[in-house]
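Novice: Quick one: the structure is below, questions incoming.
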Amino acid sequence: MYNNRITTNVTPIWVAGGYGIAIGTKLSNNTIIKAPNATKDFKPVRMGSFSQKICVAENVEFRSNEFSGLEFGIDATSQHHSYSVFWTLKINAKDKGAEIKIVDKNGKEAMSRKVPENGGLSIELPEYTVDGDVKVIYSPYTIVTGDKKQVVELKKNSTIEI
């Protein structure tokens, strides 16, 4: 599911609902807008089904979706689901030609390259992954170029100047 625009007053996405398992599903570049008449807070994604124990999400990816009027969140059952959440980080760097590095909160390098002449870089990075009860968080990221350092909490698509 990609490049959709959904205006809603209820949870619009149900992954691995009562109709079956979801394996390798990718949801990317969608825009979810909370309708003005929505009366309650809700999460944009529901995952799993207690009525059908086999209805679990496996290797599902949420990639660079946009949310307006609500934050990304998953209302998941306690079943064993596995999924990843990614966001796009756009970097406008002032030092063209300089080396730029991105390191996750665990100290692992996510990217290292030279800043292009136009100064713009874009990379999709994981915020976190879940495999059953194990959640690995990668954000915040530290962006380093020359003597400049900036920390970015990646919980949505973001643009920074450095």
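Novice: Expressed in nm to one decimal, what extension gain is obtained for the pair Ser28 and Ser112 from 0.36 nm per residue of sequence separation less their Cα-Cα distance?
Specialist: 27.8 nm
Novice: Could you quote the convex hull projected area for the chain, Cα atoms only and averaged over all directions, in nm²?
Specialist: That works out to 10.5 nm², a quarter of the Cα hull's surface.
Novice: Can I ask one more? Where Lys and Arg each count +1 and Asp and Glu each count -1, what net charge lies around His80 among other residues with Cβ under 15 Å from its Cβ?
Specialist: -1
Novice: I would also like to ask the following. If exposed chymotrypsin sites (Phe, Trp or Tyr not before Pro) are those in a DSSP loop with at most 14 other Cβ within 10 Å, what is the longest stretch of the chain that has none?
Specialist: 51-162
Only the coordinates and a few stated rules stand behind these numbers; no lab work does. Fair warning: this is a prediction, and the values are worked out from it, not measured in the lab. Neighbour counts run over all protein chains shown; Cβ positions are idealised from the backbone, glycine included.
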